[in-house]
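Participant: Supplied in structure tokens, the structure appears directly below.
The values are calculated or read from the model by the stated rules, or taken from the named source; none is laboratory data. Every value quoted in this text rests on a predicted model; they were computed, and no experiment measured them. Glycine also receives a Cβ, built like all others from the backbone with ideal geometry; neighbour counts cover every protein chain displayed. Ligands, DNA and RNA are excluded from the accessible area calculation, which covers all protein heavy atoms including side chains. Shrake-Rupley method; radii C 1.70, N 1.55, O 1.52, S 1.80 Å.
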Amino acid sequence: MNWFLNFLNSTVGRKIVMSLTGLFLISFLLVHCSVNSLMFLNDDGLFFNEAAHFMASNILIRTIEIFLFLFLIIHILQSVAITRQNMKARTISYSGTSSTSTSKWYSRSMGILGSLILVFLVIHLKDFFIPSRFFDQLGFDSNGTPDMYSEVKEAFQNPAYAMIYVFSMIVLAYHLLHGFQSAFRSLGIYHKKYTPVIEFLGIAFSIIIPAVFAAMPIFFLLKK
Amino acid sequence: MKLTLKIWRQKNKSDKGGFETYQLNNVDTHASFLEMMDVLNEQLIEENKIPVAFDHDCREGICGACSMVINGRPHGPLKGTTTCQLHMRHFNDGETVTIEPFRANAFPVLKDLVVDRTSFERIQQAGGYISIGTGSAPEANNIPVNKVDADKAFDAAQCIGCGACVAACKNGSAMLFVGAKVSQYALLPQGHPERMERVLNMVAQMDEEGFGGCTNTGACEAECPKEISVANIMRLNREYISAKLSVERE
Ligand code: HEM
Ligand code: SF4
Ligand code: FES
């Protein structure tokens, strides 16, 4: 067991934890985004409510959800450990400046981008996750299903609130733009044939998923 | 041409240090960066001032001694070039050039631009070698090596251990250096018997020296004077993972 803890505490091991938890969060985003896209249907949210109710009550989904929170917490704790260790390794920065940058700004700002995501998550969980899991806070739709749709619709018709969402999705997009491909590199996956494919998928994912999420508040704003 | 030089001066390890500004009025555009520094030092000696300490040895881009950060970039602005191979024609008349030491806590400043890079040597001593006597060059066809691996090993072996990768990295990470050293042996049959112990020991030493971890920003590859590829970092990750999982000792 000792070797394993030792492994997880090495600079290489820490990034593996970061990578695996990050990839799990990515898979969650895909599911979450697909289910929420049902809100775009023109049925007053009936189908969406049914899907949301299924996600909130299915035992398998609820079990995976426990792991989701666990992995999110590990991802955050590990990001603090990594960022602190890396800041300690270089405490003085350069005075000289050059016009050409040798790395992307978002690859250097994962800690800040992640922290902004965390702020968003707190707001998001408080307003949507908690009501969706404790149904008594919700009304019912015409099918008698807990009415998550109206809850979302009402929240997003506040322009300031909608803007927080759009901004957060831009932040998420940049986190993923670096994170997606970086996660594979941290696992040692790098190959002339496959890396360009991973990079392409990473860019597509980082743009499409946050864009679809950001479209939701905009959709409800326009519908108002 | 005329140059204004803003140079980091620091008496010793414990001195706080700070920038001093110097004026050079007659810089030859054909001079190398280190020759320009020599001219500055002669001028300082004539003025009865202490010359600027900087590391240099081969002055032909192979020893890795000439550590300097020029305008925020290790080894200056030119791609794939050491400071000693950088020429003054790449600077503009009247320009202010900022020169500072490599910055990383595992590379403490000893004096002015000289940093202590023995942490790299300790990483090398932890496993960056083959522990058998190799004798004289063997008959070339005795051990078949495929060309692709031979080329990759050769590319990795070009690392001169200069430390620019560490200096360039916001995390002060030595993963490009260690990745190159591990790869160079892992890719060749002679390196195989010791590959597991090698990667475990070298990474352990790297962590102990206080280098940061890789976050895949790619700054190291962009600044490396030998253009060592980040593919070597991914190989280091692979080697480390498989060694950790398969070696029997705790
Ligand atoms: C849905 C939410 C999130 C997703 C999908 C996600 C995804 C990822 C991925 C895939 C990586 C790359 C791992 C690697 O380079 O090996 C990563 C890295 C990182 N994440 Fe997240 N993350 C999320 C939330 C957060 C949060 C809330 C924080 C912080 C509070 C955070 C902080 C970081 C940091 C600091 C890194 C390290 C990046 C680096 O090594 O350069 N992330 N994330
Ligand atoms: S990898 Fe490149 S920058 Fe790093 S020590 Fe080797 S030659 Fe220097
Ligand atoms: S002095 Fe040897 S590489 Fe520059």
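Participant: How many residues does the stretch B:16-40 contain that are surrounded by 12 or more Cβ atoms within 10 Å (Cβ to Cβ), under 24 Å from the mean Cα position of the chain (by Cα) and of a type outside the set (A, V, I, L, M)?
Facilitator: 6
Participant: Consider residue B:190 against the criteria (1) more than 22 Å from residue B:82 (Cβ to Cβ); (2) within 7 Å of another protein chain (Cβ to nearest Cβ); (3) not aliphatic (A, V, I, L, M): it satisfies all of them except one. Which criterion is unmet?
Facilitator: Result: residue B:190 fails condition (2) only.
Every residue, every condition in (1) in contact with a strand residue (DSSP E or B) (Cβ under 9 Å, 6 or more places away or on another chain); (2) at pLDDT 95 or above; (3) farther than 27 Å from residue B:79 by Cβ, yes or no:
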| position | (1), (2), (3) |
| --- | --- |
| B:178 | no, yes, no |
| B:189 | no, no, yes |
| B:192 | no, no, yes |
| B:201 | no, yes, yes |
| B:234 | no, yes, no |
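Participant: Read through the list (1) open to solvent by less than 20 Å² (accessible area, probe 1.4 Å); (2) away from ligand 1 (no atom under 16 Å from the Cβ); (3) touching a residue at least 60 places away in the same chain (Cβ under 8 Å), then give the number of the only condition that residue B:227 fails.
Facilitator: Result: residue B:227 passes all but (1).
Participant: Residues that are buried (at least 24 other Cβ atoms within 10 Å of the Cβ): find the helices (runs of 4 or more DSSP H) completely inside the stretch B:76-180 holding 2 or more of those.
Facilitator: Counting at least 2 such residues, we get B:118-125, B:164-168.
Participant: Residue A:53: within 18 Å of the chain's Cα centre (by Cα) and not hydrophobic (A, V, I, L, M, F, W, C), yes or no?
Facilitator: Considered against the rule, which asks whether it is within 18 Å of the chain's Cα centre (by Cα) and not hydrophobic (A, V, I, L, M, F, W, C), residue A:53 comes out as no.
Participant: Of all residues being in a loop (DSSP other than H, G, I, E, B) and of a type in the set (S, T, N, Q) in the stretch B:202-250, which is farthest from the other protein chains (Cβ to nearest Cβ)? Just the residue, please.
Facilitator: Out of the qualifying residues, it is B:229.
Participant: How many residues does the stretch A:182-224 contain that are assigned to a loop (DSSP other than H, G, I, E, B) and either of a type in the set (Lys, Arg) or within 19 Å of the chain's Cα centre (by Cα) (or both)?
Facilitator: 3
Participant: Same structure, new question: For the stretch B:153-169, does any single residue satisfy the condition of being more than 22 Å from residue B:222 (Cβ to Cβ) and hydrophobic (A, V, I, L, M, F, W, C)?
Facilitator: Our first condition is that a residue be more than 22 Å from residue B:222 (Cβ to Cβ); within the stretch B:153-169, this holds for B:153.
Then keep just the ones that are hydrophobic (A, V, I, L, M, F, W, C); that gives B:153.
So far as the stretch B:153-169 goes, yes, one or more of its residues are more than 22 Å from residue B:222 (Cβ to Cβ) and hydrophobic (A, V, I, L, M, F, W, C).
Participant: Going by what's in this entry, would residue B:84 be described as closer than 24 Å to residue B:169 by Cα, of a type outside the set (Lys, Arg) and touching a Gly at 6+ places or on another chain (Cβ under 8 Å)? Give the derivation first.
Facilitator: On the way: closer than 24 Å to residue B:169 by Cα: yes; of a type outside the set (Lys, Arg): yes; touching a Gly at 6+ places or on another chain (Cβ under 8 Å): yes.
Judged against the criteria, residue B:84 is a match.
Participant: Just one of the numbered conditions (1) under 30 Å from residue B:104 (Cα atoms); (2) surrounded by fewer than 18 Cβ atoms within 10 Å (Cβ to Cβ) is not true of residue A:43; which one?
Facilitator: (1)
Residue-by-condition table, conditions (1) loosely packed, with under 15 Cβ neighbours inside 10 Å; (2) touching a strand residue (DSSP E or B) at 6+ places or on another chain (Cβ under 8 Å); (3) more than 26 Å from residue B:68 (Cα to Cα):
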| site | (1), (2), (3) |
| --- | --- |
| A:82 | no, no, yes |
| A:89 | no, yes, no |
| A:101 | yes, no, no |
| A:125 | yes, no, yes |
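Participant: State the number of residues belonging to the stretch A:169-224 that are more than 11 Å from ligand 1 (Cβ to nearest atom), of a type in the set (D, E, K, R) and surrounded by 13 or more Cβ atoms within 10 Å (Cβ to Cβ).
Facilitator: 1
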